[in-house]
1. Through the Karplus equation 6.51 cos²θ - 1.76 cosθ + 1.60, θ set to phi - 60°, convert the phi angles of the stretch 206-213 into ³J(HN,Hα) values in whole Hz; use x for Gly and Pro.
2. Residues of the stretch 307-356: accessible area per residue at 1.4 Å, in Å²?
3. With viscosity set to 0.890 mPa s at 25 °C, what whole-number translational diffusion coefficient in µm²/s follows for the stretch 111-154 from Stokes-Einstein and a Kirkwood radius over Cα pairs?
4. Which percent of Cα-Cα pairs in the stretch 319-364 sits in each 10 Å bin, short to long?
5. How much area per residue is accessible in the stretch 70-160 when the probe is 1.4 Å and only protein heavy atoms are counted (Å²)?
6. Calculate the spin-label point distance for Ile184 paired with Thr290, positioning each point 7 Å from the Cα along the beta-carbon direction, and give it in nanometres.
7. When the label point is put 7 Å from the Cα of Leu96 along its Cα-to-beta-carbon vector, which residues of the stretch 1-21 have a backbone N closer than 14 Å?
8. So, R0 is 22 Å and r is the distance between the beta-carbons of Arg121 and Leu201; what FRET efficiency does that work out to, to 0.05?
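The values are calculated or read from the model by the stated rules, or taken from the named source; none is laboratory data. Being a predicted model, the structure only gives us computed values, none of them experimental. Ideal geometry is used to build each Cβ from the backbone, glycine not excepted, and the neighbour counts take in all protein chains shown. What goes into the accessible areas is simple: the full protein's heavy atoms, side chains included, and nothing from ligands, DNA or RNA. Shrake-Rupley method; radii C 1.70, N 1.55, O 1.52, S 1.80 Å.
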Amino acid sequence: MWDTKCIASAFCFTASNILYVIHGALLMKQKSYANDAAINNNIFDDSNSYNQAQTQSQYHPMNFDFTHWKDLDPTYIQSRWMQREESRVLMMAAALLGTLAWFFLIVPIVQSAWILSKGGRRLVGPHLLLASLGVVGGIIELLTRLIAVGMNNAQEWLAKDFNLSDWGSEGESSGDGWRVLEMIHIVTRGMLLWIDSFEALTIFGIVIIIWYSVGLEPKFRVVKRSLSVETGVVAGSPESESIIIEDEDEREESLVGDSQVVAPTTQQPPSSAFDAVSASSKVELKPTFTKCFTYYGLFVGFLSVIDFVAAVLRFINWPLFSKIAMATQILVGVIFLPIWLLMFGKQLGRATDNFEREEQRRISLDGCTDDEVTGLLA
């Protein structure tokens, strides 16, 4: 039985990351009319002609250029905001799908922590950490993406409807408003960058704890059976119940018929010889999650760590580590993480059924005598 929450989370993660990739590709794409907007933007002196502005615009590429971005070129910044406005719907849809992905993932993570801990009776600390990562990580990502959508919409509104060009004392087109808006955008994105990077660490922590817990699960269960020394059958079975030992009164009645004949005396075996002895056998237990699933989770966690490191190091070398972060985000978010979630959903449903059956069996054994427990476990 598949867990539908994991399937929904995998679908939302895939769709969200695909939309983010498309959104980023659109921002990198050259727009033919972006240069026209830069030409029409009145950032030059009145003496400059249209041809001079057109010539100048050729040195302001409208696709992403790290040099012009660092120079806070008003013409370049304005064209970038026009492109962001066009792809805003994709960004909002990607953010909302990412929010739903983490929302659907919270319950399966907590559920797996409860199952792996056997209802809170095994490795309580690590499984509490696992549940905390699922809850805290999901809530943080949910709030962060909603906040990011709100801030981006406000910034798009400023870029579209507010005067960001003519901030000079005499109506001079200095373009300072575009510079301020871009700096606000950079600061807010930097704040959200660390929170988005926490997603990678959360995934890494989850897969590590699941791998650790499954590795420490018992491989066998010892089943004790009570055996009769005289008959060699399991105590509590119909064969052992058919054994009848005569008591002293019945033996005396058998000797009344002939008082002159002395019955031969035989030494009665000690009563301890008829006591039941216990024998134990090992029964192999299946792990909650398969080894293939746990080791694949380690692989996904390793890629998530690379994604986190690349995202953080973007402040050292933005062009290089942005490409690495983009590549790892595509690999993890679009391919490997959804596959892990589908495997997780398939095995979590089976593990939940097994756990519920074991709990019902354990509850039925409470209050039973030793013989009854032995019969149930046999």
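1. Coupling constants for the stretch 206-213: 5, 5, 5, 5, 5, 4, 5, 5 Hz.
2. Values: 2380 Å² over 50 residues.
On a per-residue basis, 48 Å².
3. So the translational diffusion coefficient is about 206 µm²/s.
4. Going from the shortest bin to the longest, the percentages are 24, 25, 20, 16, 11, 4, 0.
5. On the way: 3860 Å² over 91 residues.
Solvent-accessible surface per residue comes out at 42 Å².
6. Simple spin-label model gives 5.3 nm for this pair.
7. 16
8. On the way: r = 29 Å, r/R0 = 1.30.
Computed FRET efficiency for Arg121 and Leu201 comes out at 0.15.
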